[in-house]
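Here is the structure we will look at.
The values are calculated or read from the model by the stated rules, or taken from the named source; none is laboratory data. Bear in mind the structure is a predicted one, so any value in this text is a computation, not a measurement. Because the Cβ atoms are built from the backbone with ideal geometry, glycine has one as well, and the counts that use them run over all protein chains shown.
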Ligand SMILES: [Zn+2]
Ligand SMILES: [Zn+2]
């Protein structure tokens with residue numbers, strides 16, 4: 001994997017040589033904003049925010065995930081869910097572009113800035129409401145600036161959970177790619193700096209939504225997709241609205257508690273929600289086979 005992994009990222013081959021294991025503390029190697037605008041309450045789209053100073057609020061949320069080394073292209077696409085859909089060279093995860101499983105709130109289009117604090121920082125990232133699981137919703141300029149060269153195809157900035165690489169917005173000869181150049185999953189087959197013979201790869205678009213990746217065009221382990229928090233019935237993952245209702249908590253509180261770690265830490269999530277681990281496990285549907 002010829003990507004420029006940050007020092008906080010460890011990439012190791014699995015013993016059978018078919019996958020690689022990505023481990024990081026979940027925090028990006030670049031600077032964070034001094035403060036974030038964090039939604040209060042569960043209303044959507046978000047209306048009420050509080051300013052949270054980053055120090056003491058944004059927490060490391062370790063990532064440890066195993067991803068195929070030789071991705072397999074699939075004609076059938078799999079919808080991405082909320083939560084981690086890929087891992088980036090900076091050490092932070094990529095989420096899709098949405099803030100809710102109904103896909104009605106696009107984080108990049110719901111930017112709020114108040115007293116100098118923003119919902120999304122200049123890297124197009126932010127933490128969850130509890131300060132955990134910092135993540136990107138779009139191409140992070142803080143990362144692409146360090147690896148991209150003008151007039152050339154973007155350099156690899158991450159890997160989606162299906163194993164196909166992720167790039168910034170620059171296509172061949174540095175032209176900015178958009179939806180017209182890409183398939184429904186924001187991918188295409190072509191040469192990249194790391195794969196000169198050509199490979200299917202994703203681009204994070206900057207001129208058109210979705211900005212992130214709406215579907216996997218590679219075969220993806222259903223347990224990975226579900227552990228990354230699911231996307232409701234359409235995504236094939238758990239219906240978190242229903243789980244939240246069963247538990248008597250809000251969906252946002254549930255998502256925040258489960259975080260982006262895979263598989264979720266049920267014990268910690270249950271304690272964050274003030275319920276028993278047994279109750280949480282009972283409410284969560286088993287992953288499909
Ligand atoms: Zn977010
Ligand atoms: Zn490309």
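Filter segment 35-72 down to the residues that are free of Cβ contacts under 8 Å to residues at least 60 places away in the same chain and either loosely packed, with under 15 Cβ neighbours inside 10 Å or within 20 Å of residue 87 (Cα to Cα) (or both) and list them by number.
40, 41, 43, 47, 48, 50, 53, 55, 56, 60, 66
Could you check, for segment 165-185, whether at least one of its residues is within 14 Å of ligand 2 (Cβ to nearest atom), more than 22 Å from residue 74 (Cα to Cα), assigned to a strand (DSSP E or B) and assigned by TED's automatic domain parsing to the domain that holds residue 84?
Within segment 165-185, one or more residues are within 14 Å of ligand 2 (Cβ to nearest atom), more than 22 Å from residue 74 (Cα to Cα), assigned to a strand (DSSP E or B) and assigned by TED's automatic domain parsing to the domain that holds residue 84.
Just wondering, is there one or more residues in segment 139-153 that are within 14 Å of the chain's Cα centre (by Cα), closer than 30 Å to residue 55 by Cα and away from ligand 2 (no atom under 14 Å from the Cβ)?
yes
Just a yes or no: is a residue in segment 120-136 touching a residue at least 40 places away in the same chain (Cβ under 8 Å) and more than 16 Å from ligand 1 (Cβ to nearest atom)?
No - not one qualifying residue is present in segment 120-136.
At pLDDT 95 or above and buried (at least 24 other Cβ atoms within 10 Å of the Cβ): does that describe residue 200?
In short, no.
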